[in-house]
Structures are given as C-alpha cells and as structure tokens.
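Novice: My questions will all concern the structure given below.
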Amino acid sequence: MLIDPVCAAPEVTLADNPEIAGLALDGRELTIDWRFGGTDRFNLFWLRDNCPGPETGDKWTAVRRFSLAQIDETLSARRLSVDAAGRLAVEWSTGGAVSHYEPAWLKAMSPARRRARTFEADCTLWDGSWAEWPAVDFAAVEAGMTGHADLLEAVARYGFALVEGVPAAPEGTERLAAKVGYIRENDFGRVFDIVSEPDVWDLSQSDSALDPHTDDPYRYNPPGISFLHCLEASGEGGGASILVDGFKVCAALKQADPAAFQLLAETPVEFVRRRLDPVPQGADVHLVARAPVIALDSDGRQIGFRFHERSIGCLAVDPDRMDALYRALIALTKLVTDPAFAKRRQLAPGQALVFDNQRVMHGRTGFEGAPGRRWMRITQTDRDQFHSRLRLLRARLGRPGADAPLPAGAFFG
Ligand SMILES: [Fe+2]
C-alpha cells in the first residue's frame with residue numbers, strides 16, 4: 001500500500017527552550033511559533049534546499065554539493081525536534097538525512113520577513129526645497145571604511161553625494177570612481193572631458209543649458225553610478241550643475257495621474273543614439289534600447305528610472321496607446337523641467353557629484369559668455385559593484401542593512 005509521506009504526521013519533540021514555543025506542519029509547510037512574538041512559515045522544499053552544513057556546502061559562494069535534482073518531490077519530515085537551545089532539527093522522510101537550523105538564522109532568512117524589508121525605508125526622496133547637500137570629504141573616503149561607507153550610504157539614500165577635496169587634476173576622477181566600482185568604458189572613452197569646444201559632436205561639449213536627464217537610456221543597461229568631477233569652473237556666468245530626483249518626480253506623477261505612471265512603467269519606449277561621422281574614431285554609434293521609463297519590481301516598487309527627452313526615438317507602440325503615452329511623456333517632461341524639483345549648485349574645482357544615474361537626473365545651466373573655462377570630467381561604474389561594496393562595508397562596520405534589498409535599477413532585459 002502506498003502512503004503519501006506528506007500526509008504522515010511527523011514525530012515532534014519540543015524541549016523547553018528560549019526560542020520556539022510551537023511547531024506545526026501542514027502539508028509541506030512548517031510553521032514556527034516564536035516564544036517572543038510572531039510566527040514564521042517555512043516550506044519544506046525551502047528548508048531542504050537551504051540546509052546548512054558540510055553535506056550541502058556553502059550556498060552563498062556557489063561552492064555547493066547539493067542539487068535541487070536530489071530532492072524527492074514527495075519530500076516530507078519524519079521527525080521534528082527542538083533542543084534546549086532552540087535549534088530545530090528536521091529528519092527527512094527520504095534518505096534519512098537530518099538538517100539542523102539555528103533560530104537566529106531562521107528568523108533572519110524567513111521569506112516573509114525578508115520580503116517585508118524594503119529599500120524604501122533607506123531611501124529619502126527630495127525636491128528643490130531641500131536645502132542640504134549630503135557631503136563627504138574625499139580624504140575621509142580614502143582614509144578608511146567609515147568615510148568610504150558614508151559616501152556609499154549617501155548615494156544609496158539620496159541618490160547622490162557631494163564629494164569635496166578631490167584632487168582638481170585629471171587623475172582625481174578615476175581615484176574617486178575606484179571607491180565605488182570598476183569604471184565602465186564605452187564610446188565616450190574611459191573618462192570623458194566636458195569642455196566647451198567649437199566643433200561639437202556631443203551637446204555636452206557646447207555651452208548650452210542641458211535639461212535634467214539620465215545618461216545613456218539607449219543602452220540596455222545604462223550607466224549605474226556617475227561621477228561628475230570639476231577641474232575648472234566657468235565663474236558666475238552660468239554652468240551650474242542641476243540634480244533632480246527622478247523617483248520624486250515619478251512619485252509626483254503617480255499622485256497626479258496614476259494611469260500615466262502605470263503606462264510609463266508598462267510601455268517600452270524606444271531610446272536611440274545614432275552618431276555618425278564626423279566624430280572621433282570609435283565614438284560613432286547606433287544604440288537602441290526599448291525599455292520603460294519607470295522600472296518597477298514585482299511588488300510595484302520603483303527600482304529604476306531612465307529618461308532623456310532628446311534620446312526618445314520614433315515611437316512604435318500600439319496605436320491604441322500612442323495618445324495616452326504622449327500625454328504621459330508630456331506630463332513627465334513638464335515635471336522633470338519644473339524648477340521646483342531641481343537642486344542647483346555651481347561646482348568648484350576639487351568638488352564632484354556622485355549620483356545614481358538610474359534614479360537621479362543631472363543637467364546644467366548654460367554658460368554662454370561666462371568668464372572662465374568650464375572643465376568637467378565624467379565617468380561611470382555599474383551599480384551592482386556599488387551595492388556589493390555597500391553590503392560589505394555595512395557588515396564589516398556592524399551597521400544595519402547588510403542583507404537589506406537594494407533597488408536593481410533601470411535594467412530591462
Ligand atoms: Fe548627461
């Protein structure tokens with residue numbers, strides 16, 4: 001006679017312990033009733049898959065000696081026991097293996113608790129009424145983990161940081177970027193010098209004003225973190241840097257017109273950069289990415305933003321959506337260029353802005369006829385390395401949030 005092992009009641013032994021007040025197995029789900037508040041639900045497949053110990057190897061570094069293919073689909077628990085310290089032991093119905101779990105680990109890794117933890121609590125949205133500039137000193141950033149972490153924390157929370165005391169020389173740009181990630185080279189080169197020139201092949205080389213935008217939305221994965229480093233300032237005649245929090249702008253759009261917000265999250269927009277001769281060798285490109293302006297995670301939280309009005313191509317969306325899409329893009333553009341959202345600052349030589357290019361837009365005021373030469377350098381790194389370093393520094397400094405989720409950005413595959 002076949003017995004469905006899922007239905008067989010396990011033997012439960014619950015020692016007097018400071019952690020677990022009760023265990024209940026319902027089908028393939030184990031519920032733990034914690035002595036000091038709350039319950040957590042663990043699927044048996046999940047527990048078997050995440051069984052710690054030498055038998056399975058270290059899952060986190062991918063040195064793994066256990067395969068999902070080894071799990072019997074009729075898996076159940078034969079015995080459940082909790083020892084005097086609150087450690088859970090599960091004897092499996094197949095193979096006789098026993099898995100042991102520390103209560104602190106179960107609480108920390110509980111799927112429901114991890115899902116309830118969002119990055120929004122660590123993210124402060126802002127607009128032009130916010131007078132502060134989160135600033136860090138470059139000497140502190142290079143001196144040790146605390147200053148280094150302070151820079152990364154500011155970029156994670158506000159989407160940008162002002163760094164002071166960066167050498168006002170070309171090598172300062174790469175030294176700063178190296179504290180965040182690996183420089184990502186592209187058709188602009190490794191580091192791009194933004195100096196007003198007579199023969200312009202990119203609008204940034206002119207002395208014109210630039211509306212707020214994220215860089216390179218026409219790439220499948222746009223630059224993650226950008227570094228704008230001032231070597232020479234144009235004086236008081238213009239050339240101030242502008243920052244706009246794209247997440248704040250989108251929140252305002254969502255409040256004013258939820259349907260427009262949703263449309264911009266669901267509808268891929270074609271972003272294009274076609275730059276042909278005459279341009280410097282290697283700078284000729286024809287880049288195309290079809291991606292929504294607003295990137296949401298599976299729970300509807302905004303995790304990325306890409307928008308550069310001048311890079312929007314000839315839209316080819318469903319004709320039934322075209323009118324509404326244009327209305328949404330027009331509404332968004334009005335918000336993006338609304339001075340109420342903008343922070344503005346004339347960077348001085350030795351100052352740099354580090355900003356999350358998949359959240360915060362940058363731009364500048366024009367500087368036609370300004371007294372001095374304006375020389376900025378810009379480079380970029382990916383955001384996954386930035387997040388990796390932030391997690392490591394939080395863990396090493398004992399700061400909270402080493403395992404907290406972080407927004408993945410405007411990537412769209
Ligand atoms: Fe730009």
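Novice: Checking the condition under 30 Å from ALA154 (Cα atoms) and at pLDDT 90 or above, which residue from TRP126, TRP46, TRP60, TRP92 passes?
Specialist: None of the others qualify; the one that does is TRP126.
Residue-by-condition table, conditions (1) at pLDDT 95 or above; (2) within 22 Å of the chain's Cα centre (by Cα):
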residue: ASP122; (1), (2): no, yes
residue: TRP130; (1), (2): yes, no
residue: PHE192; (1), (2): no, no
residue: VAL195; (1), (2): no, no
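Novice: Determine whether the range 374-387 contains at least one residue that is part of a helix (DSSP H, G or I) and within 22 Å of TRP133 (Cβ to Cβ).
Specialist: Within the range 374-387, one or more residues are part of a helix (DSSP H, G or I) and within 22 Å of TRP133 (Cβ to Cβ).
Novice: Still on this structure: Could you check the range 375-398 and list, in sequence order, the residues that are within 16 Å of the ligand (Cβ to nearest atom) and either among the polar types (S, T, N, Q) or at pLDDT below 95 (or both)?
Specialist: TRP375, MET376, THR379, GLN380, THR381
Novice: Starting from the range 383-397, take each residue that is assigned by TED's automatic domain parsing to the domain that holds ASP356 and within 19 Å of ARG359 (Cα to Cα) and list its partners that are of a type in the set (Gly, Ala, Ser) and modelled with pLDDT of 95 or more, counting only C-beta distances under 7 angstrom and pairs at least six apart or across chains.
Specialist: From the range 383-397, the pairs are ARG383/GLY224; GLN385/GLY181; PHE386/GLY181; PHE386/GLY224; LEU390/ALA156.
Novice: Taking only pairs six or more apart or across chains, which ones have beta-carbon atoms under 7 Å, a first residue in the range 226-238 that is over 14 Å from GLU164 (Cβ atoms), and a second residue that is acidic (Asp, Glu) and within 16 Å of the ligand (Cβ to nearest atom)?
Specialist: Cβ pairs passing all conditions: SER226/ASP215.
Novice: Which residue, of SER204, SER208, is within 11 Å of the ligand (Cβ to nearest atom) and of a type in the set (Ser, Thr, Tyr)?
Specialist: It is SER204.
Novice: Kindly check whether there is at least one residue in the range 221-230 that is more than 15 Å from the ligand (Cβ to nearest atom) and under 28 Å from ALA178 (Cβ atoms).
Specialist: yes
Novice: Here's another thing I want to ask about it. Do you know which residues across the range 169-209 are within 16 Å of VAL141 (Cβ to Cβ), in contact with an Asp or Glu (Cβ under 8 Å, 6 or more places away or on another chain) and not basic (Lys, Arg)?
Specialist: Within the range 169-209, GLY181 is the sole residue that qualifies.
Novice: Taking ALA260 and the conditions (1) surrounded by fewer than 16 Cβ atoms within 10 Å (Cβ to Cβ); (2) over 25 Å from PHE355 (Cα atoms); (3) in contact with a helix residue (DSSP H, G or I) (Cβ under 7 Å, 6 or more places away or on another chain); (4) not β-branched (Val, Ile, Thr), which numbered condition does it fall short on, given that it satisfies the others?
Specialist: (1)
Novice: Taking ALA316, is it away from the ligand (no atom under 16 Å from the Cβ) and either part of a loop (DSSP other than H, G, I, E, B) or out of contact with any helix residue (DSSP H, G or I) (no Cβ under 9 Å at 6 or more places or on another chain) (or both)?
Specialist: yes
Novice: Looking at the range 188-199 only, could you name the residues that are surrounded by fewer than 18 Cβ atoms within 10 Å (Cβ to Cβ) and within 14 Å of the ligand (Cβ to nearest atom)?
Specialist: Correct list: ASP193 only.
The values are calculated or read from the model by the stated rules, or taken from the named source; none is laboratory data. Keep in mind that what you see is a predicted model, and the values were worked out from it rather than measured. Methodologically, a virtual Cβ is constructed for each residue, glycine included, from the backbone with ideal geometry; neighbour enumeration extends over all protein chains shown.
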